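FYI, it's all coordinate maths here, none of it is from the lab. Since the structure is predicted, the reported quantities are computational estimates derived from the model, not experimental observations. Ideal geometry is used to build each Cβ from the backbone, glycine not excepted, and the neighbour counts take in all protein chains shown.
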């Protein structure tokens, strides 16, 4: 609020120009007021920092790298030890010095095993997430079943796994390839408390996801002949509420299996999406908004700004 100039008597000599308050003077007065009230002014960085922020400030190089800043380890979930999914592999940061982490469950596609999405485990975990790549009850499970299994895997991670104390159970996400991608949409629709969903060249007979309330990054592939973007990824994205934090990334000149092997574009935007919405880390918003462009991207749509 601007400070008022001193009042002048109604009678008497004509006053000179009113004193001007410089920026430095205003700051000095405000500082005295704050100190007198026992308050301190937070810096802009302090004001926006998320309590779930993990790792150093990101760069393009850091999110494109094959490994992030966290040392990781892995452990196996035996199929015989769980119900609701067929076990899997857990990748996790070895240090909890910065606190607990968000968790991500990833499902393979039709007829595939967790090996088809295994590259994402260490890639994401080394950026500061606990990640489980799962095997499904049957290689022929349909998307809705895979969604249920993704949720069962998250429930196991947070309540019964050996890494449960490393996880913040309020910050969970799902991903999947093909029918596993369709499964991630089903899981998001079933459990709106999830923080993020990323269907990778997803396949699902359901095209309307207007009930989803989970921030969703839909990844399609231009030359996908199994789940063509015109009948899968694009309708998925379009049907999501316009008020939702959502994005559509179409891989240029790529096919259905593009997300099943190391892919820099899939990794960098998945990392950015998970960091932004699972960790509420606005440092990663720069990679999502304004909409990214490049030779690897055929098309990108979104609901920027996210903040």
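Neighbour counts of other Cβ atoms within 10 Å put 151, 200, 185 in the fewest-to-most order 151, 185, 200.
Exposure proxy for 92, 300: other Cβ atoms within 10 Å of each Cβ, ordered fewest to most, give 300, 92.
For the stretch 129-215, rounded, prolate or oblate, judged on the Cα gyration tensor with a ≥ b ≥ c (square roots of eigenvalues), a/c < 1.5 rounded, else prolate if a/b > b/c? In terms of gyration-tensor shape, oblate. Determine the shape class of the stretch 195-307: with a ≥ b ≥ c the square roots of the Cα gyration tensor eigenvalues, call it rounded for a/c under 1.5, and otherwise prolate if a/b is greater than b/c, oblate otherwise. Since a/c reaches 1.5 but b/c is at least a/b, the shape of the stretch 195-307 is classed as oblate. Can you give the extra length, in nm with one decimal, that the chain gains between residue 140 and residue 208 once fully stretched, where that is 0.36 nm per residue apart less the Cα-Cα distance? Gain in length upon complete extension: 22.2 nm. Here the contact order of the stretch 73-302, divided by its residue count and restricted to Cα pairs under 8 Å and six or more residues apart, works out to 16 percent. With just the Cα atoms defining each centre, how far is the stretch 88-142 from the stretch 231-273? Give it in Å. Measuring centre to centre over Cα atoms gives 18 Å.
Quotient of the Cα radius of gyration of the stretch 73-302 and 2.2 N^0.38 Å, N being its number of residues: 0.91. Peptide packing for 82-89, 206-213 was compared via the average number of neighbouring C-beta atoms within 10 Å per residue; ordered from the highest value, the list is 82-89, 206-213. Counting only DSSP beta bridges with both residues in the stretch 162-307, the antiparallel share comes to about 30 percent. Once you have a ≥ b ≥ c as the square roots of the Cα gyration tensor eigenvalues for the stretch 57-122, tell me rounded if a/c is under 1.5, and otherwise prolate or oblate according to whether a/b is larger than b/c. Because a/c hits 1.5 or more and a/b fails to exceed b/c, the stretch 57-122 counts as oblate.
Arranged from fewest to most other beta-carbon atoms within 10 Å of their beta carbon, 95, 233 become 95, 233.
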